[in-house]
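Worksheet: the structure to be examined is printed underneath.
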Amino acid sequence: MPKANETVLEIDLGALTHNFNYLKSKLQPNTKFLAVVKAFAYGSDSVAIAKHLETLNIDYLAVAYAKEGVLLRDAGVTTPILVLHPQPVNFKTIIERCLEPSIYSARILSEFISVAEEQSQKDYPVHIKFNTGLNRLGFWENDVDYIVSKLKETTSIKVKSLFSHLAASEDKNETEFSKHQIETFKSIAKVFKSKINYNPWLHLCNTSGIINYPEGHLDMVRSGVGLYGFGNSVAEDKQLKPIASLKSVISQIHTIEKGETVGYNRVHKAKDYETTATIPIGHADGITRIYGKGKGYVFINGKKAPIIGNVCMDMIMVNVTGIDCKEGDEVIIFDGLHKASNLAESSGTISYEIITAISQRVKRNIIST
Ligand SMILES: *Cc1c(COP(=O)(O)O)cnc(C)c1O
């Protein structure tokens, strides 16, 4: 792999293939696979990821918002795309670009039907979302009759799937709650299906659901974080390969004396002679201020160098006292070995947050190992 000479996020499609095959090996052969590529495919590159997944015969894609789906369509992605959190202002675009909305409330249902009717649609595919305990988006169990009555008044839409979302699938202390969600969803689906004369798919499991609840796999699963290499547990992390490596380079090295300070607000004070390195990545790139003041770190020539003082917008300073390094040397913020999940934990957050935060200013390099 070429050494970084500026800040880059390297995306390894070989690792993506590995993770996809691993997660797929957990499923029955006929269970479909939806890849969640929202938020630029968890901070990587949604177009490159979606196109690679298409070569692996992915069944479905999902994004959070309509504009994320439009970006994929503009790039020539043809796989069906579920929009998890659509807003009425985008319903016309959703139909024009063949995106499929999650219908999560009575308001969304009636507004989508009226736009679909205006656009003379017939059997436009929609996905009905039920709330079974996350209390975020979704109809309630006792809305089934209302939904079915609205469906019977129109031919403009047809239910492609029914789905719900687990609240704590990664948490072994919440097994009872998760199992209850699975049972509730199955019973809602059974009642729903008994009231219509066709068979929508059912789906419920995210990555940790795939791993922990085979009884919840149903017709399709929806994986995000696992595809990108994180399994929300030590055992699963070992099986998966992080697809993204965030690398940078040393811009300048300073040697400072005892008592001198580093960075804004003079937060870091040298206790003795210190060598510091300035790295061209800051909070505008996604390394937020929580990683400052010695909590976060980077790796230089295999050695751990803590981030000192406050994170600046475009830079961080790290302590390289005793580390053999020079200006121009490569810096690893995270990669397959130095995991983003560990860096996130050092500063009190989770892998999902650090990887999705890497801003669009950082150049993406797509590689395949
Ligand atoms: C983000 C999301 C997922 C993916 O979850 P992971 O834990 O990343 O696998 C699945 N379903 C819904 C509804 C989501 O919002």
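Step by step: first the residues of the range 306-345, then only those that are without any contact (Cβ under 8 Å) to a residue 12 or more places away in the chain and of a type in the set (A, V, I, L, M, F, W, C), then the one that is least open to solvent (accessible area, probe 1.4 Å). Which residue is that?
Looking at the filtered set, the residue picked out is 344.
Of all residues being more than 9 Å from the ligand (Cβ to nearest atom) and of a type in the set (Ser, Thr, Tyr) in the range 205-237, which is surrounded by the most Cβ atoms within 10 Å (Cβ to Cβ)? Just the residue, please. Step through it out loud before you land on a result.
From the range 205-237, those more than 9 Å from the ligand (Cβ to nearest atom) are 211-220, 229, 231, 233-237; that's our starting set.
Imposing the further condition that a residue be of a type in the set (Ser, Thr, Tyr) reduces the set to 213, 233.
Numbers: 213: 19, 233: 15.
Looking at the filtered set, the residue picked out is 213.
Just the residues that are open to solvent by less than 10 Å² (accessible area, probe 1.4 Å) and of a type in the set (Gly, Ala, Ser), please, taken from the range 91-110. Break it down stepwise before answering.
Of all residues in the range 91-110, those open to solvent by less than 10 Å² (accessible area, probe 1.4 Å) come to 91, 94, 99, 101-103, 108-109.
Result: 102, single match.
In the range 155-173, which residue that is out of contact with any Ser or Thr (no Cβ under 9 Å at 6 or more places or on another chain) and of a type outside the set (Ser, Thr, Tyr) is surrounded by the fewest Cβ atoms within 10 Å (Cβ to Cβ)?
First, the residues of the range 155-173 that are out of contact with any Ser or Thr (no Cβ under 9 Å at 6 or more places or on another chain): 155, 157-162, 173.
Subset that is of a type outside the set (Ser, Thr, Tyr): 157-160, 162, 173.
Details: 157: 22, 158: 16, 159: 21, 160: 19, 162: 24, 173: 7.
Only one residue fits best here, namely 173.
Just wondering, is there one or more residues in the range 28-40 that are at pLDDT 95 or above, open to solvent by 40 Å² or more (accessible area, probe 1.4 Å), within 15 Å of the ligand (Cβ to nearest atom) and touching a strand residue (DSSP E or B) at 6+ places or on another chain (Cβ under 8 Å)?
Let us first name the residues in the range 28-40 that are at pLDDT 95 or above, namely 28-40.
Then drop every residue that is not open to solvent by 40 Å² or more (accessible area, probe 1.4 Å), which leaves 28-30, 32, 38, 40.
Imposing the further condition that a residue be within 15 Å of the ligand (Cβ to nearest atom) reduces the set to 32, 38, 40.
Next, from what is left, pick out any that are touching a strand residue (DSSP E or B) at 6+ places or on another chain (Cβ under 8 Å): 32, 38.
Yes, the range 28-40 contains a residue that is at pLDDT 95 or above, open to solvent by 40 Å² or more (accessible area, probe 1.4 Å), within 15 Å of the ligand (Cβ to nearest atom) and touching a strand residue (DSSP E or B) at 6+ places or on another chain (Cβ under 8 Å).
Can you find a residue in the range 148-160 that is of a type outside the set (Ser, Thr, Tyr), touching a Lys or Arg at 6+ places or on another chain (Cβ under 6 Å) and at negative phi? Lay out the reasoning, then the answer.
In the first step, residues of the range 148-160 are kept if they are of a type outside the set (Ser, Thr, Tyr); the result is 148, 150-153, 157-160.
In the following step, the residues that additionally are touching a Lys or Arg at 6+ places or on another chain (Cβ under 6 Å) were identified as 148.
Right, trim to at negative phi and you get 148.
Yes, that holds for at least one residue.
The values are calculated or read from the model by the stated rules, or taken from the named source; none is laboratory data. Note that the structure is a prediction, hence the values are computed from the model and not measured. Reconstructed Cβ throughout: ideal geometry from the backbone, glycine too, with neighbour counts over all protein chains shown. We work out accessible area using only protein heavy atoms, side chains counted, and drop any ligands, DNA or RNA first. Shrake-Rupley method; radii C 1.70, N 1.55, O 1.52, S 1.80 Å.
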